[in-house]
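*Asks:* Have a look at this one.
The values are calculated or read from the model by the stated rules, or taken from the named source; none is laboratory data. As the structure is a prediction and not an experimental result, all values here were calculated from the model. Cβ atoms come from the backbone with ideal geometry, glycine included; neighbour counts cover every protein chain shown.
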Amino acid sequence: MGASGDTLSDAFVKSEVNNGISTITFFHPASNSLPGNILSKLSDAIHNAGEDLNVRVIILKSEGDRAFCAGASFDELLAISNETEGLKFFSGFANVINAIRTCPKFVIGRVQGKAVGGGVGLAAAVDHCFATRFASIKLSELAIGIGPFVVGPAVERKLGTSGFSQLTIDASSWKTANWAAQYGLYSEVFNSSEEMDDAIDSLAKQLASSSPEAMSELKKVLWSGTEGWDTLLKERAAISGRLVLSDFTREAIQAFNK
């Protein structure tokens, strides 16, 4: 679900546009966990790339080799003191997912390593996701007394109810990258980051030379039925924001954090 040891001064979100391809990269020293400021910067970067006329396609990636994203920041979870703060924090995940959903450009995901909790949500929310064989996944939220409520709709949309329920109920087990690909989370799994990057580069260049209007209309079709997610994900964020205040969750996070 998350990671500890947050050093916010080292964390970043950066965007780079080259030949119609916007590459959005995020980093946090605690296994690329996602504190509120990183979530806010991510949603802004995706929104801005969606509005930029020079951008045809977006690549979403994280820095480093073995951890794509450790999910929510444990330190920020422990700092939540009331339901309003809880809603605000978990709404950060909702905002990123909805930014990807409503962006008129395709978003390609690059998952080079393990993804936990909100990291699985990011991988599920992108339109097309590549991974390496090291990109195992886990939804560990239930183990700390909450649940993958905000990312759930995105994960279930990609993996189906069966895959989503397996991940949710068995919250302590890792599923392999190949398992994730079989259930539709990853489009392809590569033996190395180099092979994956070649495939991403090839697809991104192909999409950058495709019709922006056609891609925008196709994206609407692919996301049909999710129009209510602005409301749904905020409602889910409120559930997580309430549960995170429980004694069970606080004790579980502290135990994980040791």
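*Asks:* In segment 111-135, what residues are under 23 Å from K234 (Cβ atoms), of a type outside the set (V, I, T) and buried (at least 24 other Cβ atoms within 10 Å of the Cβ)?
*Replies:* Scanning segment 111-135 gives G117, G118, G119, G121, L122, A123, A124, A125.
*Asks:* Additional query: For I146, which of the numbered conditions (1) part of a loop (DSSP other than H, G, I, E, B); (2) surrounded by fewer than 24 Cβ atoms within 10 Å (Cβ to Cβ); (3) touching a residue at least 60 places away in the same chain (Cβ under 8 Å); (4) over 16 Å from the mean Cα position of the chain (by Cα) fails to hold?
*Replies:* (2)
*Asks:* Only one of (1) more than 16 Å from I100 (Cβ to Cβ); (2) in a loop (DSSP other than H, G, I, E, B) fails for R242. Which number is that?
*Replies:* (2)
*Asks:* Yes or no: K205 in contact (Cβ under 8 Å) with a residue 60 or more places away in the chain, touching a Ser or Thr at 6+ places or on another chain (Cβ under 9 Å), under 28 Å from A49 (Cβ atoms) and among the basic types (K, R)?
*Replies:* no
*Asks:* With respect to E83, is the statement that it is under 14 Å from S240 (Cβ atoms) and either surrounded by 22 or more Cβ atoms within 10 Å (Cβ to Cβ) or of a type in the set (A, V, I, L, M) (or both) true?
*Replies:* no
*Asks:* Could you check T161 against (1) surrounded by fewer than 20 Cβ atoms within 10 Å (Cβ to Cβ); (2) at pLDDT 95 or above; (3) more than 20 Å from G184 (Cβ to Cβ) and say which number it fails?
*Replies:* (3)
*Asks:* Here is a further query. Can you name the residue in segment 174-202 that is outside any helix (DSSP H, G or I) and among the aliphatic types (A, V, I, L, M) and, of all such residues, is surrounded by the fewest Cβ atoms within 10 Å (Cβ to Cβ)?
*Replies:* Once the filter is applied, the top-ranked residue is V189.
*Asks:* Looking at (1) under 24 Å from V116 (Cα atoms); (2) among the small types (G, A, S); (3) out of contact with any helix residue (DSSP H, G or I) (no Cβ under 8 Å at 6 or more places or on another chain), can you tell me which one A208 breaks?
*Replies:* (1)
*Asks:* Of the residues in segment 41-55, how many are crowded, with 19+ Cβ neighbours inside 10 Å, in contact with a Gly (Cβ under 8 Å, 6 or more places away or on another chain) and not β-branched (V, I, T)?
*Replies:* Count: 1.
*Asks:* Going by the structure shown, is K205 in a helix (DSSP H, G or I) and surrounded by 14 or more Cβ atoms within 10 Å (Cβ to Cβ)?
*Replies:* So K205 passes the test.
*Asks:* Would you mind finding the one in I108, I38, I59 that is part of a helix (DSSP H, G or I), surrounded by 21 or more Cβ atoms within 10 Å (Cβ to Cβ) and of a type in the set (V, I, T)?
*Replies:* On inspection, the qualifying residue turns out to be I38.
*Asks:* Something else about it: N95 versus (1) closer than 22 Å to K219 by Cα; (2) in contact with an Asp or Glu (Cβ under 8 Å, 6 or more places away or on another chain); (3) touching a residue at least 40 places away in the same chain (Cβ under 8 Å): which is the lone unmet condition?
*Replies:* (2)
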